[in-house]
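For reference, the structure discussed in these notes is given below.
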Amino acid sequence: MSNPTRDGGEPRQRLRFNPIMCKAHGVCIELLPELITADPWGYPVLDGRPVPPRLLAHAKRAVQSCPTLALLLIDE
Amino acid sequence: MSQPSDPTAQLPTAQFPTAQFPTAVPPPGLLDGSAHLPTHVATFGALPALAAEQVLAAAGRAGLTGRGGAGFPVERKMRAVAASAAKSRRGARSEPVVIANGCEGEPASGKDGALLRRSPHLVLDGIALAARAVGARTAYLCVHEDDSAVRQTVQDAIAQREAVRSDEVDVVVVGVPARYSASEETALVSAVEGGPALPRFTPPRPFERGVGGRPTLINNVETLAHLALICRRGPDWFRAAGTPDAPGTTLVTVSGAVAAPSVHEIPLGIPVSELIALAGGATEPLQALLVGGYFGTWLPAADAPHTPVTPRGLAAAGTSLGAGVFVAFPQAACGLAETARVARYLARHSAGQCGPCVNGLPALASALEALAFKGDQRAPAYLNRMTGFVTGRGACRLPDGATRLITSALTVFAQDVRAHARSGPCPAARRAPLLPTPAEPGAGLGAASALSGASARGVVAR
Ligand SMILES: Cc1cc2nc3c(=O)[nH]c(=O)nc-3n(C[C@H](O)[C@H](O)[C@H](O)COP(=O)(O)O)c2cc1C
Ligand code: SF4
Ligand code: SF4
């Protein structure tokens, strides 16, 4: 499923949100303030860069905690 | 298609007076077809029996790109569909499907309607060829459900073909609501499945999994009509018109402050100003053109003579061809007021699914209205900040189109922005609207009539 990156390390992943599913619960914003902030209406604004390895566990927890399964980690 | 001679010589020509470039496309062109099958065959010749690979190669060597707005290479999209089907292990359920997008959601566009009314068999030929290329046996032709003239024409054309069994592919006409967001490709997939015409989150993209999970090719009807001519006359014939990096011809809809609002088939590469001449010349001094449609951008009129109608030429001027819409915008009109109305229109035509679109577009429209009609001084800074929260944050590209147009208006009409913020709205803001903003379907009796009025205005009888 995941491809190793060119340097042979872990695949890089980015956060995305499905705006149709997202109900602006804000759980992800609380769990991962380093990468997710709120827009004026409470919907997540995501840092578009690859998730740094030290935050990957947090990112996975945020993904699992979204009540509507709207937050996604996408392989590069 | 334009007349070979210059039909515009006698008409009022305040600006861009004469056609100086070879704008005529030798007949028979895209719009010279017939709804009568034998006449169509007599005009263009019979459809050659090409194998899938020959269709793909012809599209590729011609350099044909999509005419629905994004300009994506046709061969690549077809090969992606065929590859998804080959990869899938779902047997019959992976057989691809073709969707022809004939909805023409752009209110200022009339070219797809003109094409479907005048040359429906060219579009149906293109559908048959596309189906051949990707291995589809079923195709759907999507048109606006309230456009009964177009629906009737294509139904009749399909019936004529079925009577003589001219196609291997079954073509089903699907009526789609006349909502701007409803003719986005994933919304069409949902409509074809019998669901609501609402965009979906991607991935999966339709070429991977579309109608009923099958790989789905979606092309604009004009794109398919070009394919029908390329497969008859060959890629070199196509490349004889246009420029090396923008080969062929394209349909454009020219409206606004011109003597004869009209649809034309033009070779790519002619200057934007030439389109004004083709439409009879400007009726008033112009300040700008709206290029592309409501996802488009404003082009200052002064740039029109040296901006070629090619993707590269238009990009250099900060615009893009989009759906081939060109609206001549007079000096006496207010670009901020017109853009505010279009922003409100796009907000109303959102599918209402995504928070940043549902909240952001009305907020942007309100701010632009406050600037245009009340001279709100805080609006420019607010708009600059808020577009960042809207762009790229919907499931489809409607929000991106809206912010693109708004940002372009704030740039091209920067002087007006300052004047409105300093001394209140200009008198031009109260002028009658120039750009059509038909009501969304179901918003009352006005919807259907406003829409047919808008599309009828764009097309001249020949
Ligand atoms: C909100 C929205 C509305 C659209 N409406 C149309 C339309 O009315 N007609 C059309 O051909 N393409 C429309 N498109 C583009 C289609 O999604 C799709 O890209 C196109 O039909 C592909 O055809 P082409 O590759 O031949 O250009 C729209 C896109 C968006 C985001
Ligand atoms: S937790 Fe889920 S629903 Fe809530 S804001 Fe984040 S993505 Fe949206
Ligand atoms: S971005 Fe807007 S128009 Fe597109 S799917 Fe979401 S709500 Fe609908």
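Considering only beta bridges that DSSP places wholly inside chain B, some 50 percent are antiparallel. Going by alpha carbons, how many degrees (0 to 90, nearest 10) lie between the helix axis of B:148-163 and the longest principal axis of chain B? Computed tilt is about 10 degrees.
Gain on full extension, evaluated as 0.36 nm per residue between B:Ala163 and B:Ala381 minus their Cα-Cα distance, stands at 72.3 nm. Relative to the longest principal axis of the Cα atoms of chain A, the long axis of helix A:56-65 makes an angle of roughly 40 degrees. Calculated FRET efficiency, B:Ala149 to B:Ala260, Cβ-Cβ distance, R0 = 25 Å: about 0.75 to the nearest 0.05. Taking amide H as placed 1.01 Å from N in the peptide plane, B:Val258 has its amide H under 5 Å from the amide H of B:Thr283, each at least 5 places away in sequence or on another chain. Share of antiparallel DSSP beta bridges in the protein assembly as shown, in percent to the nearest 5? Percentage antiparallel, nearest 5: 55.
In this structure the protein assembly as shown gives 41 Å² per residue of accessible area when probed at 1.4 Å with all protein chains present.
Full-extension gain between B:Asp245 and B:Thr39, please, as 0.36 nm times their residue separation minus the C-alpha to C-alpha distance.
Extending this stretch completely gives an extra 70.8 nm.
Note on B:Glu53 and A:Glu76: their simple-model spin labels are 3.7 nm apart, each label 7 Å out from Cα toward Cβ. Its DSSP H runs of at least 4 residues, each contributing -39,500 (n - 2.57), put the calculated 222 nm mean residue ellipticity of the protein assembly as shown at -12000 deg cm²/dmol, to the nearest 500.
In this simple spin-label model, placing a label point 7 Å from the Cα along the Cα-to-Cβ direction at both B:Arg233 and B:Val172 gives a separation of 3.5 nm.
Cβ screening of the protein assembly as shown for cysteine pairs under 4.7 Å finds these without a partner: A:Cys22, A:Cys28, A:Cys66, B:Cys103, B:Cys142, B:Cys231, B:Cys334, B:Cys396, B:Cys426.
Surface composition of the protein assembly as shown: carbon plus sulfur atoms contribute 54% of the solvent-accessible area (1.4 Å probe, protein chains only, all chains present). DSSP beta bridges fully contained in the stretch B:37-239 are about 5 percent antiparallel. If you take all other residues with their beta carbon under 10 Å from the beta carbon of B:Asp170, and give Lys and Arg +1 and Asp and Glu -1, the sum is -2. With the cut-off at under 15 Å, measuring from each backbone N in the stretch B:268-304 to a point 7 Å along the Cα-to-Cβ line of B:Ala316 picks out B:269-273, B:303-304. Shown for the stretch B:360-404: residues covered by the partner protein chains by 40 Å² or more of accessible area relative to the chain by itself (probe radius 1.4 Å), namely B:Phe389, B:Arg393.
As a calculated quantity, the FRET efficiency between B:Arg418 and A:Ser65 at R0 = 45 Å, using C-beta atoms, amounts to about 0.45.
Taking the centroid of alpha carbons for each part, the stretch B:119-140 and the stretch A:14-64 are 43 Å apart.
Buried surface between chains B and A: roughly 1200 Å² of accessible area, summed over both sides, computed with a 1.4 Å probe on protein heavy atoms only. Just tell me which lysines come within less than 22 Å, Cα to Cα, of A:Lys60; anything on the same chain fewer than 8 places away is out. Within reach: A:Lys23. Here each label is just a point 7 Å from Cα along the line to Cβ, and for A:His25 and A:His58 those points are 2.0 nm apart.
Taking 25 Å as the straight-line reach from the Cα of B:Lys111, the lysines in range (excluding those fewer than 8 positions away in the same chain) are B:Lys77.
Helix B:221-233 and the longest principal axis of the C-alpha atoms of chain B enclose an angle of approximately 50°.
The values are calculated or read from the model by the stated rules, or taken from the named source; none is laboratory data. What you are looking at is a predicted structure, and each value in this text was computed from that prediction instead of being measured. All Cβ positions, even for glycine, are placed from backbone atoms using ideal geometry, and neighbour counts span all protein chains on display. To get the accessible areas, we keep the full protein, side chains included, count just its heavy atoms, and leave off ligands, DNA and RNA. Shrake-Rupley method; radii C 1.70, N 1.55, O 1.52, S 1.80 Å.
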